[in-house]
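Structure, as structure tokens:
The values are calculated or read from the model by the stated rules, or taken from the named source; none is laboratory data. Since this is a predicted model, take the numbers as computed values, not measurements. In case anyone asks, the SASA skips ligands and DNA or RNA and just uses the protein heavy atoms, side chains included. Shrake-Rupley method; radii C 1.70, N 1.55, O 1.52, S 1.80 Å.
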Amino acid sequence: MNAVFPRFLKLAYRKEPLISVLITMGVVDALIGGFDDSWSLFAFGVGTVGITLAYKWWRIQQHQPLPEEPVVQHYLPSRSSSSSPLPMLSVSKKKPPY
């Protein structure tokens, strides 16, 4: 568990740093407000987390691409159009000038 949690946090912060910061800030505000009996700070923290999660969910819903079947493009026909063999290439015995 100890090794999994830091990896998850690193991945979350690298992937979407703004959303991660807003969620962390909201959770800290909610904890401070809850323990200190400051209900306005608690409500602000819960609201920040809620709005951030709603925004993230909205973005995920917007970016759902429809699964498309890959189009296979063939550059050569599956069978040769001519049945005759290819001509033999001859190698020139001249040396190219340098």
>> Please count how many residues of segment 43-98 are open to solvent by 100 Å² or more (accessible area, probe 1.4 Å) and either more than 30 Å from I32 (Cα to Cα) or at pLDDT below 75 (or both).
In response: 31
>> Being open to solvent by 60 Å² or more (accessible area, probe 1.4 Å) and either in a helix (DSSP H, G or I) or closer than 20 Å to I60 by Cα (or both) is the filter here; which residues of segment 25-42 pass it?
In response: M25, V27, V28, L31, I32, F35, W39, S40, F42
